[in-house]
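The values are calculated or read from the model by the stated rules, or taken from the named source; none is laboratory data. In this text, all values refer to a predicted model and were calculated from it rather than measured experimentally. A quick note on method: Cβ atoms are made from the backbone with ideal geometry, for glycine too, and the neighbour counts reach across all protein chains shown. When the accessible area is computed, the model is the full protein with side chains, heavy atoms only, and any ligands, DNA or RNA have been set aside. Shrake-Rupley method; radii C 1.70, N 1.55, O 1.52, S 1.80 Å.
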Amino acid sequence: DAKTTQPPSMDCAEGRAANLPCNHSTISGNEYVYWYRQIHSQGPQYIIHGLKNNETNEMASLIITEDRKSSTLILPHATLRDTAVYYCIVSLLGGSQGNLIFGKGTKLSVKP
Amino acid sequence: GAVVSQHPSWVICKSGTSVKIECRSLDFQATTMFWYRQFPKQSLMLMATSNEGSKATYEQGVEKDKFLINHASLTLSTLTVTSAHPEDSSFYICSASPFDGNQPQHFGDGTRLSIL
């Protein structure tokens, strides 16, 4: 089973910030938090990842709580093309280890 | 950077046919690639880990004789679905990450396989 809990769906108005929460209360000290999204009929797209500190890139910001038991992915100005299923995954190094366990994710619908 | 290409993007074939799917890392080398399967309205499930120059590691419940994996070079892994049947129809997705262990996995665009 996935080690994260996400709301099944969320709506967001176009141009507004989308804040997607994720609970990972059993995360261990050396596990990273990864976010991917999957647009219909495509492969997952990497968004961002972090260990302890908040992270920001050209796509999004990742806010991790101090106890690391939860995090929030922020899309600062959502567009219609951001409509997708967003997956929050905790993993050791997440890349080469292969143990990316996908849960059901959050289906984000961006509306005009 | 870190582009993963998958081919073909979709295939339709008759029951009993074997189908080969290619996964290439275009701008990096990967000793390890991963194969996932996704059924409609479900999430991705890891099928196997493909290791360059050695045998693949399969997840529990995945038949290794049914899903043949070959990782002949640092940029190419292939998945062959042998004697495919309608229940093998699914969305197959590969992923890879560069040598540096701190790099995230990047995914191909998937192959939609339909067995008639």
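Overview of values
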quantity	calculated
Cα-centre dipole for segment B:19-116 with unit charges at Cβ (Lys and Arg positive, Asp and Glu negative), debye to 20	160
Carbon plus sulfur fraction of accessible area for the protein assembly as shown, probe 1.4 Å, in percent	50
Shape box of segment A:1-51 [Cα atoms, principal axes, largest first, Å]	36, 22, 21
Alpha-carbon Rg/Rh ratio, for the protein assembly as shown, with Rh computed the Kirkwood way	0.98
Proximal lysines to B:LYS66, defined as alpha-carbon separation beneath 17 angstrom and excluding residues fewer than eight positions away on the same chain	B:LYS14, B:LYS20, B:LYS55
No Cys partner within the rule (Cβ under 4.7 Å), the protein assembly as shown	A:CYS12, B:CYS13
Straight-distance crosslink candidates among lysines, where the alpha carbon sits under 21 Å from A:LYS3 and sequence neighbours closer than 8 are dropped	A:LYS52, A:LYS69, A:LYS104, A:LYS107, B:LYS41
Chains B and A, summed buried accessible surface - 1.4 Å probe, Å², nearest 100	1500
Chain B pair-distance distribution - Cα-Cα, 5 Å bins, rounded %	2, 13, 23, 26, 20, 10, 4, 1, 0
Gaussian network model of chain A, Cα within-10 Å springs - most flexible of A:HIS77, A:HIS24, A:HIS40	A:HIS40
For chain B, accessible area per residue (1.4 Å probe, heavy atoms of protein chains only), Å²	50
Per-selection metrics, chain A (Cα): Rg and Dmax in Å	13.1, 40
Eligible lysines near A:LYS111 by straight Cα distance, threshold 17 Å, same-chain separation 8 or greater	none
Sequence of B:ILE21, A:ILE74 when ordered by accessible area, the most exposed leading, probe 1.4 angstrom	A:ILE74, B:ILE21
